[in-house]
Amino acid sequence: MSTNLRIDGARLTSRLADLARIGATPEGGCRRLALTDEDRQGRDWLVGQLETLGLDTRIDAIGNIVGILKGQLDGPAVIMGSHIDTVGTGGRFDGALGVVAGVEVLAALRDAGLTPKRDMAVIAFTNEEGARFHPDMLGSYVWAGGMSVEAAHREVDSEGVGLGSELKRIGYEGAERPGFLPAHAYLEMHIEQGPVLENEGGGLGAVTGIQAITWLELTLKGRPSHAGTTPMAYRKDPGLAAARINIFANELTKTIPHQLANSGVIRVQPGNVNVVPETVVMTLDLRNPQDAPLAQAEEAVRRFCAELSERDGIAITFRDLARFPATPFAEELIAEVERSAGEFGLPIRRMISGAGHDAQMMARLCPTAMVFIPSIGGLSHNPAEFSTDEDMVAGANVLLATAWRVANA
Ligand code: HGY
Ligand code: MN
Ligand code: MN
Ligand code: MN
């Protein structure tokens, strides 16, 4: 194993800066919602990088972008990846860093004139964020066989625009079958997006797995009425019901250990100051490191809604947007990540991921692990998201050393 392998830090940070200029927001972050023109520009940029590197560059039927460095043997590849789509208030690092680091690993091997035993590849997965289309991690979910291409193409955004038609519109409905490249192992570098590493004096994270996640969409139907003439007792107010549900879900986090709850979408119709609403569509993002307490939390929410519906005459229907179990990573690969950090003399600690990642899907196919770098202030899904060059270089060197060793084992 070539132990003096290093990434080119300046090239890594300059590629990240190039990508960050695409969809850049005035607040200093990035907004590249899946399959929008900004996402297409980011995709075009990435394809250009992969082709300039001389990688075998492919697009699959769900728009996943794959760059392959041919190995000596035919057979399953060591795959690195993440995503370049963002949430609406995205930062410059979430997802993008993992893709750019994967590109840098292959570029460093190119520079060193090294050919791995196994194929190595970098993938940018479609719609990881789930900010526009559901579920999140959609491109890797389809890649891992969890959802058909046809079903994914039928997904629509909140304006009713179809995923399949958007893929066609931006020119990224590729010919390859998702999952066409068999995986020997999957490695993802990502910012932690939380405060743990920073609060422990920095260092890297050897991620042991990803917590369970359930996204629900609730549609609440009341009766539109005049806000000035309708006595309170006569109202069927879904806006009030939605507030009560949000508070109930939040209260659950005080009684169910490690439970998280967020209501990120609340759309009110007709949305006029002087009208008691007719309909409210809201979402709940429920997460827990364990499946059982998460199911308990969801059950409690559903029971609360049934009682509220009965008492206040509000019709409430549920729709699943995402539902993924707690996902442990492969012990042998976690140990490889720790070993690489040790070889560089870098502090590293084991931790679970609070955020979902494409690794949650790839773990269905092959041994999977992640390496985290600290997020300054623990901030993410925020334009002020920040990680230092030093930490990015450290994480990318660990990715390089681990991927190279696994590709030649
Ligand atoms: O929601 C998540 O955890 C990820 O950012 N998609
Ligand atoms: Mn991400
Ligand atoms: Mn994210
Ligand atoms: Mn009036």
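Read-outs throughout are calculated quantities, based only on the coordinates presented, and are distinct from any laboratory measurement. From a predicted model like this one, the values you see are computed outputs, not experimental measurements. Positions of Cβ are generated from backbone atoms using ideal geometry, with glycine treated the same way; all protein chains shown enter the neighbour counts.
Some observations on this one:
- Solvent-free Debye scattering, log10 I(q)/I(0), computed from the Cα coordinates of the range 310-403 at q = 0.15, 0.19, 0.20 Å⁻¹: -0.72, -1.02, -1.10
- For the range 7-57: rounded, prolate or oblate by the Cα gyration tensor [a/c cutoff 1.5]: oblate
- Protection proxy ranking, peptides 369-382, 341-354, 95-108, average beta carbon neighbours within 10 Å, highest first: 95-108, 369-382, 341-354
- Three-way shape call for the range 357-409 based on the alpha-carbon gyration tensor, with the a/c threshold at 1.5: oblate
- Against the compact-protein benchmark of 2.2 N^0.38 Å, the Cα-based radius of gyration of the range 18-98 scales to 1.19.
- Only lysines eight or more places from LYS117 in sequence, or on another chain, were considered; those with a Cα closer than 19 Å are LYS70.
- Protection proxy ranking, peptides 254-260, 269-275, 134-140, average beta carbon neighbours within 10 Å, highest first: 134-140, 254-260, 269-275
- Dipole magnitude of the range 1-155, debye to nearest 20 (Cβ charges: Lys/Arg +1, Asp/Glu -1, about Cα centre): 360
- D_trans [Stokes-Einstein, Kirkwood Rh over alpha-carbon pairs] for the chain, 20 °C, 1.002 mPa s, µm² s⁻¹: 97
- Rounded if a/c under 1.5, otherwise prolate or oblate - the range 110-255, Cα gyration tensor axes: oblate
- Long-range Cα-Cα pairs in the range 169-327 (distance over 21 Å), rounded percent: 60
- Direction-averaged projected area, Cα convex hull, the range 104-155: 4.8 nm², rounded to one decimal.
- The chain - charge dipole about Cα centre, Lys and Arg +1 at Cβ, Asp and Glu -1, debye rounded to 20: 580
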